[in-house]
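Data first, discussion second: the structure below is written as structure tokens.
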Amino acid sequence: MKLGLLLLATTLPIAAFAQNSSTTVNTSTEYPNTFSSGSANVQTFDNKARRFRDWSISVGGGSAFMVHSALKSLRSDKTNWGYNAYISIDKQISHTFGLNLMYTRGETKQTGQLPGAPGVAAGVATGTTQFDQLAIMGDINFSNLLRRVDNHSPYRWALHGYGGIGLQGYRTSLHDNDRNRWSDNPKRTPLFVKQDLDINSVFYQAGLGLKYNVSPLIDVEARTMYIISGEQSFDGSGYNNSSYDPKAPTESGYRYTILNNRRSYNAWTVSLGVSFKLGKHLSHLAWHDPLQEAYYKTNVLENATTDLVVCEKGDQDNDGVCDDWDRQLDTPAGARVDGAGVALDMDLDGVIDLYDKCVTVPGPAENNGCPIKK
């Protein structure tokens, strides 16, 4: 207890004395939210201080397929091709993460056939889905996130991961040779479903993209996305109906859910796109590896001229002090000298220590620096 009080009593005064104007962390009216010891290079972060582009606009398009649904685009005997097109505004938050506001329009075509007698009567049913989607997506740059510390090379390819949520609207149609066809006798019409783009139709999507840095202005990207619609009617097979009894159908469209009675029918897109990087800076933040900057600065230092010229005028008396600042250029060999190259005379009697027989006691030169005894 006494030892602890003693340490506290001695530490507090030292800590208080150690605080002065050069080490105290402080702020200022110019940078009210910035605290510095005074040695940091502090500056405001505004548009003039930006070093990288961080906005871009992306456009692209490709194929779309209905998968994991009652009616499917990909079948063993045939592939039903659809399309998708997108445009997005992209904001890079850091060198590993960004946000995208993305609008997508597309169409899928899918087919399916009921089992047994209903399938014989209806034949192969054809469904079409036209969709519009507005989503916010997160963008993770895996190439920057997982880049090895010892990888010093610059790179032009980058693997991106996407994931987000949004709202969608869609219009579907279902045609077959039985109940879902145009007929006046008996009265028949194809099955149509319409879902407006509003808060009642939320979807999710995730995917991967492989980008190539063509130039400071342009990137190209191959991208694939998986769309979780959250809707059972998304493939055109009918309205959501989890209580449907296949033995007693009440609506012609409902029966196709027996082909795959899951709660959400989903789609898959494959596309090729171009990103236009906006801004006046040389490079984009998504392609900036912070380690590369450190490697560059280290390389500059390593290759800088390191030749330091010492003793340009030489050391004439070999006393270890360069002639550039030697105040005694003819110091005798073996004499100890001070920083200015002057031979040491410890007792200041005019006899340098090299010749002084009595180094610590003054004496005349004729007596080798020792006092004359009377």
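Structure notes:
- Which of Y204, Y265, Y226, Y296 is most accessible, then next, and so on - probe 1.4 Å: Y296, Y204, Y226, Y265
- Cα centre as origin, Lys/Arg/Asp/Glu Cβ charges: region 81-230 dipole, Debye: 160
- Label separation (W55 vs Y155): 2.8 nm, computed from points 7 Å beyond Cα along the C-beta direction.
- Charge dipole (Cα centre; +1 on Lys/Arg Cβ, -1 on Asp/Glu Cβ; no other charges) of region 266-374 amounts to roughly 840 debye.
- Backbone amide hydrogens, once placed in the peptide plane, bring Q316 within less than 5 Å of D323, excluding anything fewer than 5 places away on its chain.
- Whether region 295-374 is rounded, prolate or oblate, judged on the alpha carbon gyration tensor where a/c under 1.5 counts as rounded: prolate
- Each residue of region 339-352 was assigned a 3J(HN,Hα) from its phi angle through the Karplus curve 6.51 cos²θ - 1.76 cosθ + 1.60 (θ = phi - 60°); the sequence is x, 9, x, 8, 4, 6, 9, 4, 9, 6, 9, x, 10, 5 Hz, with glycine and proline shown as x.
- Aspartates and glutamates with Cα under 20 Å of K72, excluding same-chain neighbours fewer than 8 positions away: E107, D132, D176, D178, E231, D235
- The gain in end-to-end length when the A365 to D184 segment is fully stretched comes to 51.1 nm, 0.36 nm per residue minus the alpha carbon separation.
- In sequence order, region 356-365 has phi-based couplings of 7, 7, 10, 5, 9, 10, x, x, x, 5 Hz under the Karplus curve 6.51 cos²θ - 1.76 cosθ + 1.60, θ = phi - 60°, and Gly or Pro positions carry x.
- H95, H175, ranked by accessible area, largest first (probe 1.4 Å): H175, H95
- Residue-by-residue Karplus 3J(HN,Hα) for region 97-112, coefficients 6.51, -1.76, 1.60, Hz, glycine and proline x: 9, x, 10, 10, 9, 10, 10, 10, 10, x, 8, 10, 10, 9, 9, x
- Measuring between their Cα centroids, region 300-355 and region 132-208 lie 80 Å from each other.
- The amide H of G123, built 1.01 Å from its N in the peptide plane, has N177 as neighbours under 5 Å, considering only residues 5 or more places off or on other chains.
- Cβ crowding within 10 Å averaged over residues, with 312-318, 258-264 ranked highest first: 258-264, 312-318
- Projecting the Cα atoms of N84, F142, P118 onto the charge dipole of region 82-230 (Cβ charges, centred on the Cα centre) puts P118 farthest toward the positive pole.
The values are calculated or read from the model by the stated rules, or taken from the named source; none is laboratory data. Here the structure is a predicted model, which means the values were calculated and not measured. As a convention, Cβ positions derive from the backbone with ideal geometry for all residues, glycine included, and neighbour counts pool all protein chains shown. Side chains are part of the model used for accessible areas, which takes the heavy atoms of the whole protein and leaves out ligands, DNA and RNA. Shrake-Rupley method; radii C 1.70, N 1.55, O 1.52, S 1.80 Å.
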